[in-house]
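Reviewing the structure listed below.
The values are calculated or read from the model by the stated rules, or taken from the named source; none is laboratory data. All values reported here derive from a predicted model rather than from experimental measurement. Note: ideal-geometry Cβ built from the backbone for every residue, glycine included; neighbour counts use all protein chains shown.
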Amino acid sequence: MPDAAELLAIAVEIVREAGETARRMRVEGVSGVATKSTDTDVVTAADRAVERQVVDALRIRRPDDAVLGEEYGASGVPGGVRWILDPIDGTVNYLYDLPQYAVSLAAEVDGLVVAGVVRNPATGAEWTATLGGGAFHDGGRLRGSPQTELAQALVGTGFGYDPARRVYQAGVLHGLLGQVRDIRRFGSASLDLCAAAGGQLDAYYEKGLNPWDHAAGGLVATEAGLVVAGLDGAPPGLDMVVAAPPALFKPLHDRLVELDAAGGP
Ligand code: IPD
């Protein structure tokens with residue numbers, strides 16, 4: 001089994017090349033726009049092209065590994081290394097030429113994410129992490145926010161594409177907004193997690209994320225010293241993902257548990 005640093009080096013190289021494809025296709029003009037799960041869930045030719053490029057590059061370097069990608073789903077033989085890919089995280093921002101989108105790629109070994117890279121092709125900013133090896137942004141080590149008071153916390157969140165879930169998310173937001181410094185919704189979960197890792201957000205939460213949205217960014221946040229967990233305290237899945245520095249995690253988590261109990265999908 002390769003070590004995490006080796007997997008990260010492969011991921012970084014592939015994501016840089018793929019990010020350039022995303023950036024170039026944005027400059028040339030977005031094409032192939034279609035909707036997926038709902039009318040608000042958008043995909044573009046670039047999402048598909050970037051995913052194909054990353055999968056092809058992985059097949060050359062690591063032919064025996066499995067891949068889970070947002071656009072084309074699972075491929076390869078399960079067991080061993082699995083790559084988790086969001087070719088463009090923040091597709092709506094990409095569509096509108098807002099420079100807040102990312103290529104996100106994580107390597108999972110035996111169910112544990114061990115390496116991850118998140119790259120914003122519009123700005124060239126890059127975040128990396130390996131399990132136990134720390135989190136870095138453009139060479140500098142990340143340590144999260146020193147904030148300890150929920151009332152003074154700038155909290156990021158996001159909204160899914162399912163209308164019923166959005167009603168639930170609006171309810172949670174309604175209950176939280178008066179108890180925090182402010183809320184931000186930037187539109188790319190992986191970049192939100194990296195922002196929390198770097199202290200540009202004090203914390204982040206969202207319900208209904210898919211593994212490709214949080215695999216790499218979640219490792220970056222964890223390795224920056226944040227607690228990253230679902231509402232049940234287990235590693236995040238499709239349930240609420242909460243990422244916060246240790247002192248902030250409990251008050252935020254407890255409040256979200258209360259608001260979650262108020263119901264919704
Ligand atoms: C979306 C973004 C957004 C989050 C949504 C995700 P996509 O990913 O990360 O910030 O709120 O839940 O689905 O669709 O742009 O890859």
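Quick notes on this one:
- Those residues of the range 71-100 which are away from the ligand (no atom under 12 Å from the Cβ), under 17 Å from the mean Cα position of the chain (by Cα) and not in a strand (DSSP E or B), in sequence order: P99
- If only residues of the range 139-168 that are of a type in the set (A, V, I, L, M) and modelled with pLDDT of 95 or more are counted, the one that is farthest from the ligand (Cβ to nearest atom) is A151.
- Applying the set (1) in the same structural domain as D47 (by TED's automatic domain parsing); (2) under 19 Å from A195 (Cα atoms); (3) not small (G, A, S) to V77 leaves exactly one unmet item: (2).
- Criterion applied to A262, A247, A195, A243 was being of a type in the set (A, V, I, L, M, F, W, C), surrounded by 17 or more Cβ atoms within 10 Å (Cβ to Cβ), more than 11 Å from the ligand (Cβ to nearest atom) and touching a residue at least 40 places away in the same chain (Cβ under 8 Å), and the one residue passing it is A243.
- Condition met for A34 (closer than 23 Å to F159 by Cβ and without any contact (Cβ under 8 Å) to a residue 40 or more places away in the chain): yes
- Every listed requirement among (1) within 14 Å of the ligand (Cβ to nearest atom); (2) over 16 Å from the mean Cα position of the chain (by Cα); (3) under 14 Å from R23 (Cβ atoms) is met by V103 save one, (2).
- Subset of the range 148-192 (residues that are among the polar types (S, T, N, Q) and crowded, with 19+ Cβ neighbours inside 10 Å): T157, Q169, S188, S190
- For the range 206-235, residues that are away from the ligand (no atom under 14 Å from the Cβ), touching a Leu at 6+ places or on another chain (Cβ under 7 Å) and assigned to a loop (DSSP other than H, G, I, E, B) total 2.
- Residue within the range 179-201 that is farther than 30 Å from A5 by Cβ and modelled with pLDDT under 95 present: no
- Check on E13, outside any loop (DSSP other than H, G, I, E, B), more than 20 Å from the chain's Cα centre (by Cα) and among the acidic types (D, E): no
- Scanning the range 60-70 for residues that are in contact (Cβ under 8 Å) with a residue 24 or more places away in the chain and part of a strand (DSSP E or B) returns L68, G69.
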